[in-house]
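S.K.: Pasting a structure here, questions to come.
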Amino acid sequence: MFADLKNKVVIITGAGSGIGKSIAENFGKAQAKVVLNYRSDKHHDELNEAKEIITNAGGEAITVQGDVAVEEDVKNLVQTTIDHFGTLDIMINNAGFEKAIPSHEMSLQEWQKVIDINLTGAFIGSREAINHFLKEDKQGVIINTASVHDRIPWPNYVNYAASKGGLKLMMETMSMEYAQYGIRINNVSPGAIVTEHTKEKFSDPQTRDETLDMIPARKIGEPQDVANVVLFLASDFSSYVHGTTIYVDGGMTNYPAFMGGKG
Ligand code: BGC
């Protein structure tokens, strides 16, 4: 569908599972050259599966291990990509982490871990990509996976909500700085999506029902729903879209408590 993505070189961080894996596979189906970043070897089988899907579809794929929270790892990720594929066109800062802890019990280490992965990781990835785009005079694209919690407060996840809220203004600020060079920077913000990480909580009937009550579309989303929007934001179909967030959330950000028409 997005024919202009063919042969484009794209990095996806956190590509070993869930939304990241789906994004990687979809770029493969568009016959892009895909760099799948992952942190943990536990995703070995999923990475192999994604690589197979990508190469069978006529794309190319390599995997690069690295922790997005470690500056040297991200520099290595971008350099390895350029060494292997000759350039970088699209950077998808997707890696993320969440864990419920009440705010008053959260250690500084727990606070910092989420900020480092979700926010600082995306900053380093964006900075490295922008430097490459400027050097090559390339109209590159950056897309960050944020969350509905870049605007909806989330009890017990203060570090996560702060990281995603920060990611929103980080993206808007960087977009404002580099739009003049044709560099497009946008966010995709998923709501409740079934992934390896969320499967367990959504299989609990009570949590599932409570979640559905917060979604006007009354269904939990799939990684594919998010990947579709990421490919759109990466392609020339969105060539005039700068510094914005597309929510992929079944309407969750639209005050679903008002659905009954009362209040
Ligand atoms: C989180 C999910 C959560 C959803 C809606 C996402 O950012 O990753 O765990 O279900 O927001 O609250």
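Computed from the coordinates by the stated procedures, all read-outs in this text should not be read as laboratory data. Because the structure is predicted, anything quoted here is derived from the model rather than measured. Here Cβ is always computed from backbone atoms with ideal geometry, including for glycine, and neighbour counts include all displayed protein chains.
S.K.: Of the listed peptides 140-149, 176-185, what is their order by residue-averaged count of other C-beta atoms within 10 Å, with the highest listed first?
M.R.: Per-residue mean Cβ counts within 10 Å order the peptides as 140-149, 176-185.
S.K.: Ranked highest first by the average count of other Cβ atoms within 10 Å around their residues, in what order do 14-27, 69-82 fall?
M.R.: Highest mean packing first, the order is 14-27, 69-82.
S.K.: Are any of the pairs Lys51/Lys75; Lys6/Lys75; Lys75/Lys219; Lys33/Lys75; Lys29/Lys113; Lys99/Lys168 more than 28 Å apart by Cα-Cα distance, and if so, which?
M.R.: Exceeds cut-off: Lys75/Lys219; Lys29/Lys113.
S.K.: Continuing with this model, one more query. With a 10 Å Cβ neighbour count serving as the proxy for reagent exposure, in which order, fewest first, do Asp225, Asp83 appear?
M.R.: With the sparsest Cβ surroundings first, the list reads Asp83, Asp225.
S.K.: Something else about it: Any chance you could list the semi-axes, whole Å, largest first, of the equivalent ellipsoid that the Cα gyration tensor gives for the chain, using √(5λ)?
M.R.: Gyration-tensor ellipsoid for the chain: 29, 20, 19 Å.
S.K.: Note down the magnitude of the dipole of the range 3-249 about its Cα centre, charges +1 on Lys and Arg C-beta and -1 on Asp and Glu C-beta and zero elsewhere, to the nearest 20 debye.
M.R.: It comes to approximately 380 debye.
S.K.: If you don't mind, there's one more thing I want to ask. For Lys164, which aspartates and glutamates qualify as cross-link partners when the Cα separation must be under 14 Å and same-chain residues fewer than eight apart are set aside?
M.R.: Within the straight-line limit of under 14 Å, Lys164 reaches these aspartates and glutamates: Glu98, Asp116, Asp150, Glu172.
S.K.: Which one, Leu134, Leu108, Leu233, has the greatest fluctuation when you compute a Gaussian network model over the chain with C-alpha springs under 10 angstrom?
M.R.: Leu108
S.K.: Here is a further query. Return one quarter of the surface area of the convex hull spanned by the alpha-carbon atoms of the range 68-214, equal to its mean projected area, in nm².
M.R.: Averaged projected area of the range 68-214's Cα convex hull equals 9.9 nm².
S.K.: In addition: Assuming R0 = 25 Å, can you tell me the calculated FRET efficiency for the pair Asn48 and Ile82, based on Cβ-Cβ distance, to the nearest 0.05?
M.R.: 0.55
S.K.: Can I ask one more? On the first, second and third principal axes, largest extent first, how far apart are the outermost C-alpha atoms of the range 15-114 in Å?
M.R.: 51, 24, 21
S.K.: Once phi is turned into ³J(HN,Hα) by the Karplus curve 6.51 cos²θ - 1.76 cosθ + 1.60 with θ = phi - 60°, what whole-Hz value does each residue of the range 248-263 show in order, with x for glycine and proline?
M.R.: Per-residue couplings from phi come out as 10, 9, x, x, 4, 7, 9, 6, x, 4, 8, 4, x, x, 9, x Hz.
S.K.: Can you tell me the equivalent ellipsoid semi-axes for the range 211-263? Use √(5λ) from the Cα gyration tensor, largest first, whole Å.
M.R.: Ellipsoid half-lengths, sorted descending, are 27, 14, 6 Å.
S.K.: Output wanted: per-residue J couplings in Hz (rounded whole) for the range 118-133, from phi through Karplus 6.51 cos²θ - 1.76 cosθ + 1.60, θ = phi - 60°, x for Gly and Pro.
M.R.: 6, 10, 5, x, 5, 5, 4, x, 5, 4, 5, 5, 4, 4, 5, 4
S.K.: Sort 117-126, 166-175 by the packing proxy (mean of other Cβ within 10 Å over each peptide's residues), most packed first.
M.R.: Top of the packing list down: 117-126, 166-175.
S.K.: List the pair-distance distribution P(r) of the range 152-246, using every Cα-Cα distance, as the percent of pairs falling in each 10 Å bin from 0 up to the bin containing the longest distance, rounded to whole percents.
M.R.: 14, 36, 33, 15, 2
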